[in-house]
Amino acid sequence: GWQVSMKSGSLSYILPCNRLPVQLMSQVRVYTSDGQKKDLGSEDTNGSARGETLHKVETGQDTANTGQKQSLPKQPIQVKVKAVLKKREYGPKYTQNNFITGVRAINEFCLKSSDLDQLRKIKRRSPHDDTETFTVYLRSDVEAKSLEVWGSPEALARERKRRKEAEIKYRENLFRNQRLLWEYKEFFGNTKPRSSTAAMFFKGPGKVVMVAICINGLNFFFKLLAWVYTGSASMFSEAIHSLADTCNQALLALGISQSARTPDPSHPYGFTNMRYIASLISGVGIFMMGAGLSWYHGIMGLLHPHPVESLLWAYCILAGSLVSEGATLLVAINEIRRSARAKGLSFYQYVVQSRDPSTNVVLLEDAAAVLSVAVAATCMGLTSLTGNPYYDSVGSLGVGTLLGTVSAFLIYTNTEALLGRSIEPEQLQRLTEFLESDPVVRAIHDVKATDMGMSKVRFKAEVDFDGRVVTRGYLEKQDIEQLLQEIQQVKTLEELEAFMLKHGENIIDMLGAEVDRLEKDLKQRNPDVRHVDLEIL
């Protein structure tokens, strides 16, 4: 039966035995990575004494064995403990092994290119598509070289301060020289060949905007003469409408020229949104100048009517305006049709999505101009037939309402574009399927594709990579027999750690190369995708 009780350390055991008490000796040792061993049986001296002494238990069931003692042989219990690496504390000493490029070494540590020739050079994978590898240096080597060149950290700090002041002075002189050069060109004339920015106004949306500026400027001049001669409220509204169109299209031309600027550190994604900003301001200008003044003049005509003079010249000018505005409208329609066909969209989808804001503004303004000419001619005709000036004032209110509708549409579409709307679901599905079809990708999450304007898309996704495929790809580029020899030579924990760190870093580089490959393929298959951000899960 369960009759013998024995304690060893802090553990109690009940052994099924009908004999004399039993003595149990146990030795448990734990080995760590630094070679130290600890005896778990030495925590409590009293407990150890109890574990080493013989416990006597008297029983009344077996009188024949009373008073007898029997001891078992001392056999140590072997316990296998999993060996683990000691946790490292990564401090400044370890981070000195970080890499630094040559440009940063020269700029941050005030060195010359010749100073880097004596340092250790390391070839690393380049994150850029145009170069395969690039040279980096150990940061500790660069810091030591800078102290050797400058003598002390204080001297290096003084040199950094001096170079910073020299850079500020250089920028000030550069700005001053650019201003003097601009004044020189203004005085003697610019003899440089036509730049690419100027060439933008001879094709595409720039051509449409320039044609609209010229025609609307002439229309404004002749309509203004007709209003001065006749005093018609509708003709005044038409003159204000043409003036608003001319100013807004000049603003569009400024937006087109600014959108062609090269990206800089302050604006890494470029200035393409300047077209949407200019179109938004244009819509606000149409509402305030065109619609506001037309409503004001129409209301004043209703409150204080006055007879209208001969409308013959006004009809002639309106006819000429109808022809010119119609010609500009046809130019805008043809440009939008060509662009929509190239994008695989319908005419309506291209306009509503505001793919080309500059051409959209010209299209809507000219369409409104043609309709407003018809409204003004109709109301002026009713006034000349009936002699009632109220019809002319109502025509002014109708033109203002038409301009207000156009401006509201422009404000809405350009605001949506500036907020960063998503691309079409079909296009997003194609991008997602392309990534998921790659063997190295296990799954993708949190996919976002933003239309940055002017057929430029920014794509972002969190990618769950298949580590087995990445590792297998790395192994395919290695000499397996040599790798097997390296594994067989591993005998200690230090050698195992060095082996794992070496190939672990190479596998991480392999993962980075896979990310670069996916981004490059995504851009090649989808030209609209200009910026790709893939985050590794």
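The values are calculated or read from the model by the stated rules, or taken from the named source; none is laboratory data. Model, not experiment: these values are computed from the prediction. Methodologically, a virtual Cβ is constructed for each residue, glycine included, from the backbone with ideal geometry; neighbour enumeration extends over all protein chains shown. Note: areas computed on protein heavy atoms with side chains; ligands, DNA, RNA excluded. Shrake-Rupley method; radii C 1.70, N 1.55, O 1.52, S 1.80 Å.
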(request) Evaluate the following for Asp392: is it open to solvent by less than 50 Å² (accessible area, probe 1.4 Å) and among the charged types (D, E, K, R)? (result) yes
(request) For the stretch 309-358, enumerate the residues that are closer than 17 Å to Ala212 by Cβ, touching a residue at least 24 places away in the same chain (Cβ under 8 Å) and β-branched (Val, Ile, Thr). (result) Thr328, Val331, Ile333, Ile336
(request) Report whether or not Glu494 is open to solvent by 80 Å² or more (accessible area, probe 1.4 Å) and either modelled with pLDDT under 90 or not in a helix (DSSP H, G or I) (or both). (result) yes
(request) Scan the stretch 245-284 for residues that are surrounded by fewer than 18 Cβ atoms within 10 Å (Cβ to Cβ), in contact with a Lys or Arg (Cβ under 9 Å, 6 or more places away or on another chain) and outside any helix (DSSP H, G or I) and jot them down. (result) His267, Tyr269, Phe271
(request) Pairs only if they're at least six apart or on different chains, beta carbon under 8 angstrom, first in the stretch 493-515 and farther than 14 Å from Arg124 by Cα, second part of a helix (DSSP H, G or I); list them, first residue then second. (result) Phe499/Glu486; Phe499/Ile487; His503/Tyr474; Glu514/Val470; Glu514/Gly473
(request) Would you check if there is a residue in the stretch 467-474 being among the basic types (Lys, Arg), surrounded by 14 or more Cβ atoms within 10 Å (Cβ to Cβ) and not in a loop (DSSP other than H, G, I, E, B)? (result) no
(message) Just checking, does the stretch 453-461 include any residue being of a type outside the set (Val, Ile, Thr) and surrounded by fewer than 15 Cβ atoms within 10 Å (Cβ to Cβ)?
(response) yes
(message) List pairs: first residue in the stretch 139-168 and at negative phi, second residue at pLDDT below 85 and β-branched (Val, Ile, Thr) anywhere in the structure, Cβ distance under 7 angstrom, at least six positions apart or on different chains.
(response) Arg139/Ile100; Val142/Ile100
(request) Mind counting the residues in the stretch 424-448 that are without any contact (Cβ under 8 Å) to a residue 60 or more places away in the chain and among the aliphatic types (A, V, I, L, M)? (result) 4
(message) Which count do you get for residues in the stretch 422-444 that are in a strand (DSSP E or B), open to solvent by 60 Å² or more (accessible area, probe 1.4 Å) and either under 26 Å from Glu505 (Cα atoms) or acidic (Asp, Glu) (or both)?
(response) 1
(request) Determine if the stretch 329-348 includes at least one residue that is at pLDDT below 80, within 18 Å of Ala417 (Cα to Cα), among the basic types (Lys, Arg) and not in a helix (DSSP H, G or I). (result) no
(request) Collect the residues in the stretch 374-387 that are open to solvent by 50 Å² or more (accessible area, probe 1.4 Å) and farther than 16 Å from Ser294 by Cβ, keeping them in residue-number order. (result) Leu382, Ser384, Leu385, Thr386, Gly387
(message) So in the stretch 255-271, with the set limited to residues that are of a type outside the set (Phe, Trp, Tyr) and under 18 Å from the mean Cα position of the chain (by Cα), which one is nearest to Asp451 (Cα to Cα)?
(response) Gly270
(request) Confirm whether Tyr348 is touching a Ser or Thr at 6+ places or on another chain (Cβ under 7 Å) and open to solvent by 20 Å² or more (accessible area, probe 1.4 Å). (result) no
(message) Can you list residue pairs whose Cβ atoms sit under 8 Å apart, with the first residue in the stretch 451-480 being within 23 Å of Gln427 (Cα to Cα) and the second being open to solvent by 70 Å² or more (accessible area, probe 1.4 Å) and among the hydroxyl-bearing types (Ser, Thr, Tyr)? Count only pairs 6 or more apart in sequence or on different chains.
(response) Asp451/Ser422; Met452/Tyr269; Arg458/Tyr269
(message) Quick check on Phe236: is it assigned by the TED database to the domain that holds Asn414, open to solvent by less than 50 Å² (accessible area, probe 1.4 Å) and not in a helix (DSSP H, G or I)?
(response) no
(request) Identify all residues within the stretch 351-373 that are over 20 Å from Thr246 (Cα atoms) and either open to solvent by 10 Å² or more (accessible area, probe 1.4 Å) or hydrophobic (A, V, I, L, M, F, W, C) (or both); write none if there are none. (result) Val351, Val352, Gln353, Arg355
(message) Exactly one of these conditions fails for His306: (1) assigned to a helix (DSSP H, G or I); (2) in contact (Cβ under 8 Å) with a residue 40 or more places away in the chain. Give me its number.
(response) (1)
(request) Give the residue, chosen from Tyr412, Tyr391, that is out of contact with any Asp or Glu (no Cβ under 9 Å at 6 or more places or on another chain), in a helix (DSSP H, G or I), aromatic (Phe, Trp, Tyr) and closer than 30 Å to Gly381 by Cα. (result) Tyr391
(request) Among the numbered conditions (1) surrounded by fewer than 21 Cβ atoms within 10 Å (Cβ to Cβ); (2) among the hydroxyl-bearing types (Ser, Thr, Tyr); (3) under 30 Å from Trp295 (Cα atoms), tell me where Ser242 comes up short. (result) (1)
